[in-house]
Structure formats: C-alpha cells, structure tokens
Amino acid sequence: MLVFSTSDKGGTGRSVTSCNLAYRLGLSGRTVAYVDFDFGSPTAGALFEISGVERGVQHNGVHSYLLGEHDAVTRVDVAATTDRRGLRRGPRLSRLVLLPGDEGGAEFLSRDEAIVDRCARLLLELEQEFKVVIVDLSAGRSAALEVALQATAIASFASLEVRWLVFHRWTRQHIIAASGLVHGKHGLLEMGAAYGHNPDELLESVRYVRTAVSGKETRNSHQFPAQSAWLDEQDRALRQLANDKQLGLTVVLGQTPMEPVLQWREQIILDADVNAHIANSETGKAYADLAERLIEPATWRRL
Ligand SMILES: Nc1ncnc2c1ncn2[C@@H]1O[C@H](COP(=O)(O)OP(=O)(O)OP(=O)(O)O)[C@@H](O)[C@H]1O
Ligand SMILES: [Mg+2]
C-alpha cells in the first residue's frame, strides 16, 4: 500500500501523526518505509530521534535522488539507529526504514518528466518491498504533491493500493482549507484529473485525519459552565461545517486527541510513555486505531 500524507496548511500534525502511524504499523507486524517528501523541511529524522539525520542527510537523500544526482536513496533503519531507548530496545518492530530528505533541500522549481519517472521508479520499488509505504508530502499544492499525482497516474500504479490522507486541525479555517485542497481549484481532484487520474476513483482513495482534537476528556474539570457550553456549541458547528465541506464521518479515517506531550515535543508516543503516565492512553490508542483502519479493506470500500 502506498500512502500519501498531505495537508493544505502547515503545522497540522501531518508528520507527527504519520511517524506515529508508521511506528504503530511496525508494532503490529507490518514492514514500513517512511519516505520524506517534505523537501523544504524534512523532519522525520528528528521525530524518530536519529542523530545526524534530524534535518535530513547530507548526501543521497530523496530530494537529490529525484533530481538525478544519484541512484540509491539512503535508507536508515529506525530501530537500529534511533537514540530513543524505548524505540530501540522496546517491543519488537517489523522493519521500519526511513528514506530521509536532503539537508538544505528545497521545493522543485521545475516539473521535469525525469523527476516524475524517478519518483515512480522509487515508489514502485518500495511498494514491492514493504507492506506500507508512507510518503510525507509538503503542505499545500506543492511540487511534491504534483509529482506524486503525476507518478501515480502512470499505468503501472493502476493495480496498486494508493491512498491519500489529508490532515487537518479541528478548526474552521483548517476544515475549509482541507476541503479546498481536495475539492477546490487546482486541488487534488482537479490536478489529478489533469494528469490522467479518474476523479471518482481518486476521491475514493482520500480519507481525512482530524488532529489534536480537544474533546471533553481533555478539558479542565474547573471549566466554567458557560465555557463548556460554548465549546460544545463550537464542536457541533464544526461537525456541521465538516459535513457541508464533504469531510463528514464517512470519509474520516480517524482523529487524534490533543496530547500535552506533543504540544511540547514532536516525538513517537510509546506505550512506555503511556504506562509511565506521561502521555495519555487515548493518544496511543488513537495511533493504533489509525493504523488498523488504514490497513482494513472495509475502510476503502466504495462509499
Ligand atoms: N495530537 C496532538 N496534540 C498536540 N499537539 C500535536 C498533536 N499532533 C501534532 N501536534 C504538534 O503540532 C505541531 C505540528 O505538527 P507537525 O510538525 O507534525 O505538523 P506538519 O503538518 O507536519 O507541519 P509542517 O507543515 O511544518 O511539516 C508539532 O509541534 C506537533 O508536536
Ligand atoms: Mg511536517
């Protein structure tokens, strides 16, 4: 399965959620390749706490591969190289490999055919080797998104399971922006159709992930009743807006709760963090549920 992580806005939790998803897939026995396509700001190395790879690699990253500077993208085995003890010595993971971006990489300025061909070659190779390939794209209507759409329109991808996850926060602007990225002008569907995708099939491969949702359980017990009522009212309004913008529950993969640990530090939430009462158990469960839902064929049945 090829999974593209996208979002319209930056800072939606796309990378943190995707890395945690990769980790949970690894825990449940799936081999995973995590490909950092956020060329301007590759952060996956930092999230997996791999020293020397925090901002990408100096040579042979994904960005320079796509530009034709070399033919072998660096692969970093996460469990073997991470500085995070609980990730290295914790419960056994299936193979989880990071293909990092290049330090100092930037968005592409050209939409070169050769870049698309190289992207397609890399993704096809990884798809053969790993159960799940997660590609973290840059935010917005980026060159990375365009290259991914172009590559996956090639005939050899037609028989593969290709999924698009759109991450957004639970706010008015984020809901409108996420909807625009898919349905709006120059959005995923319009751009995809221009590159030869069938828009109906493309839409069926899209699901949304609501991140850092502040639910009743995370609210302060000393909250004023008026504030509590206002928040409930806002939540109802957001649910209505999400429905109106075609982001209703039938197309939601899942949501993650507001997690204090992640407000302070971008990291993998280990069960050890939950057991130590540092992270909330709902957060670990949310990532495990996302991983299961992603793999479950019923999630992707025709709507
Ligand atoms: N469930 C959560 N609760 C609280 N904070 C969260 C949650 N998920 C993510 N965050 C925090 O939100 C911030 C943005 O997350 P992240 O870097 O993953 O977003 P992004 O969409 O990849 O951003 P960019 O566009 O810059 O790549 C980070 O500080 C992260 O720790
Ligand atoms: Mg990111």
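Out of the stretch 68-89, which residues are surrounded by fewer than 17 Cβ atoms within 10 Å (Cβ to Cβ) and in contact with a helix residue (DSSP H, G or I) (Cβ under 8 Å, 6 or more places away or on another chain)? Answer for the stretch 68-89, where residues must be surrounded by fewer than 17 Cβ atoms within 10 Å (Cβ to Cβ) and in contact with a helix residue (DSSP H, G or I) (Cβ under 8 Å, 6 or more places away or on another chain): G68, H70, D71, A72, A80, G86, R88. Here L87 passes the criteria (1) aliphatic (A, V, I, L, M); (2) outside any strand (DSSP E or B); (3) within 15 Å of ligand 2 (Cβ to nearest atom) except the one numbered (3). Here L231 fulfils each of the conditions (1) over 21 Å from D136 (Cβ atoms); (2) in contact (Cβ under 8 Å) with a residue 40 or more places away in the chain apart from (2).
For the residues Q263, Q255, the requirement of being open to solvent by 70 Å² or more (accessible area, probe 1.4 Å), more than 16 Å from ligand 2 (Cβ to nearest atom) and under 21 Å from I175 (Cα atoms) singles out Q255.
For the stretch 13-54, a residue qualifies if it is part of a loop (DSSP other than H, G, I, E, B) and within 12 Å of ligand 1 (Cβ to nearest atom), and the qualifying residues are G13, D38, F39, G40, S41, P42, T43.
Go over the candidates G101, G26, G13, G45 one by one and state the one that is within 24 Å of S205 (Cα to Cα) and surrounded by 24 or more Cβ atoms within 10 Å (Cβ to Cβ).
Values: G101 fails: within 24 Å of S205 (Cα to Cα); G13 fails: surrounded by 24 or more Cβ atoms within 10 Å (Cβ to Cβ); G45 fails: within 24 Å of S205 (Cα to Cα).
Every option except G26 fails the conditions.
Quick one: H277 ticks every box in (1) within 13 Å of ligand 1 (Cβ to nearest atom); (2) not in a helix (DSSP H, G or I) bar one, so which box is it? Among (1) within 13 Å of ligand 1 (Cβ to nearest atom); (2) not in a helix (DSSP H, G or I), H277 violates only (1). Picking from residues in the stretch 1-36 that are more than 10 Å from ligand 2 (Cβ to nearest atom) and polar (S, T, N, Q), the one that is modelled with the lowest pLDDT is S28.
The values are calculated or read from the model by the stated rules, or taken from the named source; none is laboratory data. Keep in mind the model is a prediction, meaning the values are calculated, not measured. As a convention, Cβ positions derive from the backbone with ideal geometry for all residues, glycine included, and neighbour counts pool all protein chains shown. Each accessible area value is taken on the protein alone, full model and side chains, heavy atoms only, with ligands, DNA and RNA left out. Shrake-Rupley method; radii C 1.70, N 1.55, O 1.52, S 1.80 Å.
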